1. Any idea what the relative contact order of segment C:93-305 is, in percent, if you count C-alpha pairs under 8 Å spaced at least 6 apart?
2. If I build a Gaussian network model for chain A, linking alpha-carbon pairs within less than 10 angstrom, which residue out of A:195, A:58, A:122 has the largest mean-square fluctuation?
3. For the protein assembly as shown, treating each Cα as an identical point scatterer without solvent, what Debye log10 I(q)/I(0) comes out at q = 0.07 1/Å?
4. If packing is taken as the mean number of other Cβ atoms within 10 Å per residue, what is the order of C:314-323, B:205-214, highest first?
5. Please list log₁₀ I(q)/I(0) at q = 0.06, 0.13, 0.14, 0.15 Å⁻¹ for chain A, using the Debye equation with identical point scatterers on the alpha-carbon positions.
6. Please arrange A:307, B:217 by counting, for each residue, the other beta carbons lying within 10 Å of its beta carbon, fewest first.
7. What is the spin-label model distance, in nm, from residue A:316 to residue B:327 if the labels are put 7 Å beyond Cα along the C-beta direction?
8. Give the average over all directions of the projected area of the C-alpha convex hull of segment A:166-263, one decimal, in nm².
């Protein structure tokens, strides 16, 4: 792809050699000839061997190299990367070793890898790729243009939208964690007979677990992205366009509304509710039933970030405070002592 | 099942239409005709379309709808749910693609799914279900009426009791994490040649790992329930009827006695001991070697819950304390200043 | 193996019955006849049924039992354990059910288990064991003498050194977690087209995930050992001989230099750098971009261990401080009150 074509594709302002051929994207420091990279801030000093750099409009080194000025360089870079590095092409196939129930329905131009299993009543949409070792239970619906990576398991009755990516080891629809103690103290399983709905354009990271609803549904909203090793409990409702980083744990019946950003290793007690637009820092802990309003939050139990920081500063000041109190005590003793003499 | 029969099964007190047919359970707010639900507290205002509600004896809206009064409605609900929604029935089979070593012994009425592997010397008890893609090593003993979900791996020499459920992605018997540094600073593997014993009626959540003992055994006691993505280190001893929530990590040689309740994302240092009946809140951290007495605990390092709360309140009061000290200082300066003049 | 031979192998000083036959290792308290065990500290009172005990040179109970004196008993024990309990021997095979692309290259004396898959362009080194259900993508290079346990997935283009152990459920090379928001608030995937390099003698625990680099490489240095359920983000660089305990999460572009020790459930913000030799306690939290100098660290945000402990002590002293301030206030009121009268 010529630099000129890329500039047009990005609706960017080209300066330099529009005829240079670009074959791939690269990072600013390691990109070489034939690669395109980007700068987020205009202030950074150019020092790249890339053939073209996507820069913000405020960029001011016109002769440094071939550049394309755009509003949001990182976004433009991601967009051109998607063109230069399209998702892996796989020739449509159903591998000879795959086991597909005769009552399953598969779409056109699908890819089904070695040792994949698709149960009775399940449906696989057009152009979806089911990679090696994936196990799909019964009555599962998977939409179009999905990529389900090796060794994923999708339990009976779950529904997956279009353009969903499930990374390797993801487990959709395992039983939630709910028990009732009987008179003898034994734990009796609370029914875990609900299902899971993954909406369109969701991406779920490796070894993440999304439990089925106990009675109703666990839902992951459209366009939400979940990292690796995340736990999503039964009946959790996650809205649209949320981002949830690795190893976060979300207990049963938690609601996370649209457009929330959740750091890594955060823990949510059951029935907590995170309102739309809230941002929660890594390792934070949200108490059961807590309502988290929009804003930035951190700590366990979580507090608004400013309060958390102020509190941390207060803790650091205890030592000085103790010294001050000691001094006052001494002063007071000195002041009052003479009166007694 | 008729409401009347359900009332008898639960030894409950029926009021209303005993002839109504119940086909499934549902949640209080979404249940519809033909469904049974439950109310935990008598004070809740009925507003359900369920055909029958299991309620506590203290319930006082006799004409609201068809009800069954019992001592523990949630337990009764779980018990009737187990009848109305029995575990998935699977016709006994050994899938043509499964590989079972000729020196393995399998019981009667078992189910072995596609791409399952059972190694030499292993035994699978009667009526146990080994689902697709499960890998069972050599000399593994699995009891009766177990359900081993897709892609579980059980290492050589491990023992699984009766009625055990291992959810998808569970790994039993991987090497523990133990090394010794040699003179060159290289890490030499400490022997990890022990095994794992999972007792009867244990349920283990998706992608949870139970490491084998280094020299002895890692043991999960009867009736204990472990959630998803939990780490159980080598030689850990977990007692009977414990409940351990998601993403908790238990280091080597920790002992958790019977009837403990452990929240999510808790961390245990090695050789800690949790005494019978202790309850530990989510995200708590237990130091190596710590003895945790019965009671409720929280925080890192863990403290009795009351102390933890009092300490948190103290931290929040630092700001006021600082103001007070400032005021005292001023007062003191004012008091002493005139003396100097 | 005779005790005498073991003493020679360990260059230790034998005292007692050099002719006794040793078949296996055992723990101090449970070892029986024919087993060898060890004592770390000279002060421990012997009370073992082992046929031989490896002890430190300072050990002073010469007649207690047959002993071998060495400099580092635990290391010697690990070394002799490796001889008495060699890694599992498996007859070389390529299981009939395995699918190996015709354009893959496999070495000599390899073991490939049932339902294993090896993609086009991949290479498996001599004597490497690929166990049941492992999925190896395209253009993957795996070195010599590796053991890849069941259901591991290695994505296209990743490189694994020699003598590497990947425990069951490990996922190497899944896409990193990176997105850019577009004008509509939708998350666009940032390119995740780099790779993963696992150097020689690395061991990675069950269900751990090592993401591929976004543009460059994610690297795990020689001799590093990683526990179960750990998350390693895109472009992370981990040095040589590091030890990282279970459930730790390492965000994108973090650098951990050589010889670091990281506890369990630690969280690293992106672009943090841990300098060679640093030790970080469990559940600690490292802020994005933080430089962690050599030394011992703990807490969130992390602090030097001493400061962390002092701060904790300060927090515990708030109650007393409040009492003191109250007392001072009273004293002051008493002192000043008479002046007003």
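Where a number appears in this text, it was derived from the coordinates with a stated rule and is not lab data. Here the structure is a predicted model, which is why all the values come from computation and not from measurement. All Cβ positions, even for glycine, are placed from backbone atoms using ideal geometry, and neighbour counts span all protein chains on display.
1. 10
2. For chain A, modelled as a Gaussian network with Cα springs under 10 Å, the answer is A:58.
3. The Cα Debye sum returns log10 ratios of -0.67.
4. In decreasing order of mean packing, C:314-323, B:205-214 become B:205-214, C:314-323.
5. Here the Debye-derived log intensity ratios amount to -0.35, -1.07, -1.13, -1.17.
6. Listing A:307, B:217 from fewest to most nearby Cβ atoms yields A:307, B:217.
7. So the two model labels end up 2.7 nm from each other.
8. 5.9
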